[in-house]
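Please read the structure below before turning to the comments.
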Amino acid sequence: MRIDIVVPCYNEEAVLPDSARRLIDLLSSMTAAGQVAGGSRILFVDDGSCDDTWRLIRTLAAADPRVAGIRLSRNMGHQVALLAGLLESRADAAISIDADLQDNIGAMPTMVEHCRAGCDIVYGVRAKRDGDTVFKRLTAGLFYRAMNRIGVALVPHHGDFRLLSRRALDCLAEYRETNLFLRGLVTQLGFRTATVDYERSARRAGESKYPLRRMLALALDGVTSFSAAPLRATTAVGALAVLASVFMTAWVLWIRFGTDSAVPGWASTVIPMYFLGGMQLLCIGVVGEYLARVYLEVKHRPRYFIDERIGQGQGG
Ligand code: UDP
Ligand code: MG
């Protein structure tokens, strides 16, 4: 079985040499053990880095036939870079992993074993993530719980470290959406799956390419591409507001005609005005989020362009 290890890299010059060496060592030992066939590669995807990343990948590829690389025409974001690498692969299976190797590469042989036993998707699951910041662990935990609540099937604590068989890769290629949330798509594929637990360690060098802004954007894509729950919640909130205003009206009428303490008050006017105004803006905002995505999807724009390819396999 021939495999490709797909590694998206964005400004990873600090960590790349070390990661490449460890991946090459792993590939050697797996080949020696007869687990994977010769011709298995490490495929680096340079996501439009502005540092030395691409030059490093070229050097690595020149020195070792097992290293290949593609360079996207500009920075497209982690999910798109990952997809580009996966679709480029022509191997029998592809394993995706982040360039900082925070996910334990020691889990790869087990993934390959599961694949040989007939699984099409093998999820790497972070049994422990002591290497991540408290903030990241907290927000990630909340995110998986919230997604679960609104009915989006996700494998908890699974990031983008996974093995996909040839068949799964071909199916993934049929999804044409622009707003990518791969871990949601993959769980929709079906087929036989397995999970492999591992401990997530800290980033070895360089800094995280996922600042809060990007984490929020990814989470938003995750929610809006797989669930209409926020739209429904909006309707519910609107309905509640209407109900509340009916009671409010009754109350105001009673004060006016039932008692003689009718204050020439502005409260009953001003409060609902602010409340409903805020509500409306909020609801329009939620609808807008979906509309924006519909807009992007209907354009069917190409998701990425490959600027350059290096390494033996020229892909498809
Ligand atoms: N990455 C990418 N394009 C981007 C941002 C990130 O290809 O625009 C890659 C990055 O090089 C790394 C992976 O995505 O291989 C995950 O990033 P990082 O390790 O910084 O995220 P974290 O582990 O902090 O969530
Ligand atoms: Mg990382």
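The values are calculated or read from the model by the stated rules, or taken from the named source; none is laboratory data. Source: prediction; values computed, not measured. Cβ: placed from backbone, ideal geometry, glycine included. Neighbour counts: every protein chain shown. The accessibility values were calculated without ligands, DNA or RNA, using every heavy atom of the protein model including side chains. Shrake-Rupley method; radii C 1.70, N 1.55, O 1.52, S 1.80 Å.
Selection within region 76-101: residues that are part of a loop (DSSP other than H, G, I, E, B) and open to solvent by 20 Å² or more (accessible area, probe 1.4 Å). The member of this set that is nearest to ligand 2 (Cβ to nearest atom) is Asp98.
The set of residues in region 155-184 being closer than 30 Å to Val298 by Cβ and either without any contact (Cβ under 8 Å) to a residue 40 or more places away in the chain or polar (S, T, N, Q) (or both) consists of Asp170, Cys171, Glu174, Tyr175, Thr178, Asn179, Arg183.
Scanning region 238-295 for residues that are of a type in the set (Val, Ile, Thr) and part of a helix (DSSP H, G or I) returns Val242, Val246, Thr249, Val252, Ile255, Thr269, Val270, Ile271, Ile284, Val286, Val287, Val294. Taken over region 2-35, the criterion of being without any contact (Cβ under 8 Å) to a residue 12 or more places away in the chain and of a type in the set (Ser, Thr, Tyr) is satisfied by Ser28, Ser29, Thr31.
Scoring Val196 on the criteria (1) within 28 Å of Val287 (Cβ to Cβ); (2) in contact with a His (Cβ under 9 Å, 6 or more places away or on another chain) leaves a single failure, condition (1).
I'd like the full set of residues that are more than 13 Å from ligand 1 (Cβ to nearest atom) and touching a Leu at 6+ places or on another chain (Cβ under 9 Å), limited to region 22-41. Walk me through how you get there before you give the answer.
Keep residues of region 22-41 that are more than 13 Å from ligand 1 (Cβ to nearest atom), which gives 22, 24-41.
If the condition is that a residue be more than 13 Å from ligand 1 (Cβ to nearest atom) and touching a Leu at 6+ places or on another chain (Cβ under 9 Å), then Arg22, Ile24, Val36, Ser40, Arg41 are the ones that fit.
Inclusion of Arg232 among residues that are of a type in the set (Lys, Arg), open to solvent by 80 Å² or more (accessible area, probe 1.4 Å) and within 26 Å of Leu142 (Cβ to Cβ) is warranted.
Within region 264-297, the set of residues being open to solvent by 70 Å² or more (accessible area, probe 1.4 Å), of a type in the set (A, V, I, L, M), out of contact with any helix residue (DSSP H, G or I) (no Cβ under 9 Å at 6 or more places or on another chain) and modelled with pLDDT under 85 comprises Met273, Leu281. For region 37-50, filtering for residues that are surrounded by fewer than 20 Cβ atoms within 10 Å (Cβ to Cβ) and over 24 Å from the mean Cα position of the chain (by Cα) leaves 3. Within region 235-245, the residues that satisfy the criterion of being open to solvent by 40 Å² or more (accessible area, probe 1.4 Å), under 18 Å from Gly277 (Cβ atoms) and among the aliphatic types (A, V, I, L, M) are Val237, Ala239, Leu240, Val242, Leu243, Ala244.
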